[in-house]
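Here's the structure, in structure tokens; my notes come after.
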Amino acid sequence: MRACVWGCRGSLATPGADTVRYGGNTSCVAVQLESGEFLVLDAGTGMRPLGVELMRDLPAEIHVLLTHLHLDHLQGLGFFRPLFEAGTTVHVWGPPSPVQSLAERIARYLSPPLFPVRLGDIPATVVFHDAPHDVTIGSATLRASSVAHQGPTVGYRIEESGRALAYLPDHEPSLGVRLDDQPPSWISGHDLAQGADVLFHDAQYGDDEYPTHVGWGHSSVDHVIGFARKTAVGTLVLFHHDPYHTDEQLEVLLTDARRRWDGDVDRVRLAREGMVVDLDATGVRISA
């Protein structure tokens with residue numbers, strides 16, 4: 001599979017000179033499977049340029065995998081050009097709720113007064129699914145399970161040809177606990193990340209910032225390194241960058257994370273727009 005980062009900022013899009021190196025668009029990662037299927041992890045503002053690119057060779061089917069429905073992970077959906085192409089089928093997967101269906105919840109955004117076009121007026125065929133525990137899409141197995149964040153939230157694991165990519169962009173596994181003291185079954189997201197070749201994980205706060213953001217649903221550098229160590233991942237990609245962090249501040253966090261990492265420090269990366277991750281039988285390759 002090949003994963004490409006189209007957005008990795010958290011909470012709010014932040015275009016400008018201070019964020020040009022790693023990007024200001026919010027969460028969106030495109031995944032192309034060996035069998036040709038096209039997956040999109042989250043629908044942040046990075047989904048707009050992704051949609052423009054896809055129009056060059058539009059897939060007949062696209063699977064959009066939403067971790068949750070906070071606007072920084074949903075706002076790009078209404079600007080995703082394939083949705084406005086009749087004949088395209090877009091499958092939208094997201095966290096289940098006992099109160100409203102996924103379609104009803106998304107329609108609250110895709111309707112006036114928040115958006116000028118109603119969900120029911122979109123030309124493409126849109127099919128909604130509750131995020132599954134396990135499902136096969138093309139040559140890959142997809143798993144979703146609930147993780148610790150504000151509101152119904154899931155993370156995803158994609159397995160193909162013996163390789164695994166885990167995606168947990170909004171996650172606070174250390175809320176009220178020390179990860180080192182917990183058995184795996186008690187750690188949020190452990191089942192998704194365990195042994196993954198590549199883990200995209202929330203790393204929004206520096207350790208000095210986290211105490212004033214406890215319970216907000218995000219991780220500090222210390223927490224993400226502890227989680228990656230506990231789950232024995234191969235490569236860690238720091239994701240969901242704070243909207244107040246400049247490129248230089250992100251690189252300070254990267255240095256701190258690498259200092260705590262056991263092993264090859266090149267296995268800890270900062271997500272950046274345009275980053276490409278290839279996973280296949282020969283291994284893992286990352287280019288930016």
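The values are calculated or read from the model by the stated rules, or taken from the named source; none is laboratory data. For clarity, every value in this text was computed on a predicted model and none was experimentally measured. For neighbour counting, all protein chains shown are included, and Cβ atoms are generated from backbone atoms with ideal geometry for every residue, glycine included.
Looking at the stretch 222-239, is at least one residue in a helix (DSSP H, G or I), surrounded by fewer than 14 Cβ atoms within 10 Å (Cβ to Cβ), modelled with pLDDT of 95 or more and more than 19 Å from the chain's Cα centre (by Cα)? Before you say what the answer is, go through the steps one by one.
To start, the set of residues in the stretch 222-239 that are in a helix (DSSP H, G or I) comprises 222-231.
This time we only want the ones that are surrounded by fewer than 14 Cβ atoms within 10 Å (Cβ to Cβ), so: none.
No.
Tell me, yes or no, whether the stretch 198-219 has at least one residue that is outside any loop (DSSP other than H, G, I, E, B), farther than 16 Å from L238 by Cβ and in contact with a Gly (Cβ under 9 Å, 6 or more places away or on another chain).
Kept after step one, since they are outside any loop (DSSP other than H, G, I, E, B), are these residues of the stretch 198-219: 198-202, 205, 210-212.
Narrowing the set further to residues that are farther than 16 Å from L238 by Cβ leaves 211-212.
Now narrow it down to the ones that are in contact with a Gly (Cβ under 9 Å, 6 or more places away or on another chain): none.
No, the conditions are met nowhere in the stretch 198-219.
Return yes when D202 is at pLDDT 95 or above, under 30 Å from Q249 (Cβ atoms), surrounded by fewer than 22 Cβ atoms within 10 Å (Cβ to Cβ) and of a type outside the set (F, W, Y) and no when it is not. Break it down stepwise before answering.
On the way: at pLDDT 95 or above: yes; under 30 Å from Q249 (Cβ atoms): yes; surrounded by fewer than 22 Cβ atoms within 10 Å (Cβ to Cβ): no; of a type outside the set (F, W, Y): yes.
Taking the combined requirement at face value, the residue does not satisfy it.
Residues are listed down the side, and each one gets a yes or a no for (1) surrounded by 24 or more Cβ atoms within 10 Å (Cβ to Cβ); (2) closer than 24 Å to A166 by Cβ:
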position: M1; (1), (2): yes, yes
position: V5; (1), (2): yes, yes
position: C8; (1), (2): yes, yes
position: P15; (1), (2): no, no
position: S27; (1), (2): yes, yes
position: Q32; (1), (2): no, yes
position: G44; (1), (2): yes, yes
position: V52; (1), (2): no, no
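Output the number of residues of the stretch 221-243 satisfying the condition of being touching a residue at least 40 places away in the same chain (Cβ under 8 Å) and within 23 Å of G44 (Cα to Cα).
Selection size over the stretch 221-243: 6.
For the stretch 1-56, give me the residue count where each residue is closer than 21 Å to I286 by Cα and among the basic types (K, R).
Number of matching residues: 3.
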